[in-house]
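For reference, the structure discussed in these notes is given below.
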Amino acid sequence: MEHFNLISLLKLILLWMGIFSCSFVNAQKSSYNQFWNDFQFVTPVSHNWSNEINLGQVWTSIPGLSNTPFHSNAQLYARIWLHYALKNWKLSVFTGYNHNPELMAVGQKGLPEFRSAVQGLYYFNKEGYTLSGRLRIEDHHKKKESGDFSDNYRIRGQLKFVKPLNAQEVVKGTIYGVMSEELFTQASADVFSQPSFGSNRLMLGCGYALSDDLLIELDYSNDYYFYKNKQSSYHAMQLNFSMYNWIQHLKRL
């Protein structure tokens with residue numbers, strides 16, 4: 001019965017993804033090709049607590065100028081997380097800084113941004129796979145051309161599926177598949193009183209565990225942004241490195 005439910009769930013998700021993607025083909029106004037990379041360094045602090053450092057970069061094409069995903073450096077970011085884990089829950093907060101180089105061709109004015117968030121993650125642990133649900137509330141503290149800052153909020157909800165392909169869990173030597181669906185509200189100051197749909201992100205990927213503590217993962221993401229006068233689609237390849245207990249490994253060198 002569990003196997004049947006898993007297959008049915010995967011078919012339903014894939015069917016929904018296909019219908020959703022096809023329904024917006026004719027509405028797309030601009031399309032971007034991008035390359036993302038993300039480095040995660042996680043350190044246990046105590047039995048329930050851990051911290052994490054995120055470093056990442058975004059490269060992007062410029063519609064009308066180049067389709068090459070490495071045409072322009074669009075963003076650099078750094079984040080510091082604090083996690084508290086229970087049996088099936090993980091509660092997290094982060095604060096971070098986004099450097100946004102000036103890209104006038106796409107209206108990016110080079111203004112920096114501070115971000116912070118609270119996040120709740122619930123794991124539906126099943127034998128042979130993991131399904132998780134995540135809710136995140138972000139505060140985007142953006143610098144304006146006048147020099148002061150504005151606060152904008154965004155709510156994100158994600159459903160993520162991870163399946164080891166040659167083992168029962170992700171350990172050294174494991175190849176795994178990953179798939180997620182995430183919905184975003186618009187980043188605006190009134191998102192709590194008047195929430196509006198901002199974007200949708202579909203992601204498919206595959207990873208490999210180089211060791212129990214070191215994972216490398218390659219993903220494809222499609223972000224679709226819904227605006228009244230303009231729709232934008234972002235096709236991104238993402239390379240992720242995740243290292244756990246990294247301080248202990250450095251001490252052993």
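The values are calculated or read from the model by the stated rules, or taken from the named source; none is laboratory data. This is a predicted model, so every value here is computed, not measured. Cβ coordinates were reconstructed from backbone atoms using ideal geometry, including for glycine residues, and neighbour counts include every protein chain displayed. Calculation scope for accessible area: heavy atoms of the full protein, side chains included, ligands and nucleic acids excluded. Shrake-Rupley method; radii C 1.70, N 1.55, O 1.52, S 1.80 Å.
One compactness figure for the stretch 33-104 is 1.47, namely its Cα radius of gyration divided by 2.2 N^0.38 Å.
Keeping the other protein chains in place, figure out the carbon and sulfur percent of the accessible area of the chain, with a 1.4 Å probe.
Details: 8750 of 14390 Å².
Carbon and sulfur: 61 percent of the exposed surface of the chain.
Given R0 = 22 Å, the distance between the Cβ atoms of S66 and Y220 translates into a calculated FRET efficiency of 0.65. Reducing the stretch 80-110 and the stretch 200-253 to their Cα centroids gives an inter-centroid distance of 14 Å.
Less than 13 Å Cβ to Cβ from E138, Lys/Arg counted +1 and Asp/Glu -1: what total charge do the surrounding residues give? Net charge around E138: +3. Each of F124, A189, Y84 was scored by the projection of its Cα onto the charge dipole of the chain, and the greatest displacement toward the positive side belongs to A189; charges sit on the C-beta of Lys, Arg, Asp and Glu. Mind checking which of L215, L159, L86 has the largest fluctuation in a GNM of the chain, springs on alpha carbons under 10 Å? Maximum among the listed residues: L86. Between the residues F41, A74, L210, the greatest Cα displacement towards the positive end of the dipole of the chain, with unit charges on the Cβ of Lys, Arg, Asp and Glu, is found for A74.
For the chain, what does the relative contact order come out to in percent, with C-alpha contacts under 8 Å and a separation of six or more?
Once divided by the residue count of the chain, the mean separation gives 15 percent.
Once you have the Cα-Cα distance between F149 and E127, take 0.36 nm times their residue separation minus that, and quote the gain in nm to one decimal. In short, 3.2 nm is gained. Build a GNM of the chain with springs between Cα atoms under 10 Å apart, and of Q108, Q186, Q194 the one that fluctuates most is Q194. Taking the chain, how much of its Cα-Cα pair set, in percent, is spaced more than 30 angstrom apart? Cα-Cα pairs in the chain separated by more than 30 Å: 31 percent. The label-point distance for L239 and D212, in a model that sets each label 7 Å from Cα toward Cβ, rounds to 2.8 nm.
Under the criterion of Cα pairs below 8 Å and six or more residues apart, the relative contact order for the stretch 73-146 equals 25 percent.
Between N51 and N166, the modelled label-to-label distance comes to 3.7 nm, taking each label 7 Å out from Cα in the direction of the beta carbon. Under the simplified labelling scheme, the I80-K142 pair shows an inter-label distance of 2.6 nm, with each label point 7 Å from Cα along Cα→Cβ. The heavy atoms of R201 present about 50 square angstrom of accessible area, all protein chains included, probe 1.4 Å.
Comparing H47, H140, H71 in a Gaussian network model of the chain where C-alpha atoms under 10 Å apart are linked, the largest mean-square fluctuation is found at H47.
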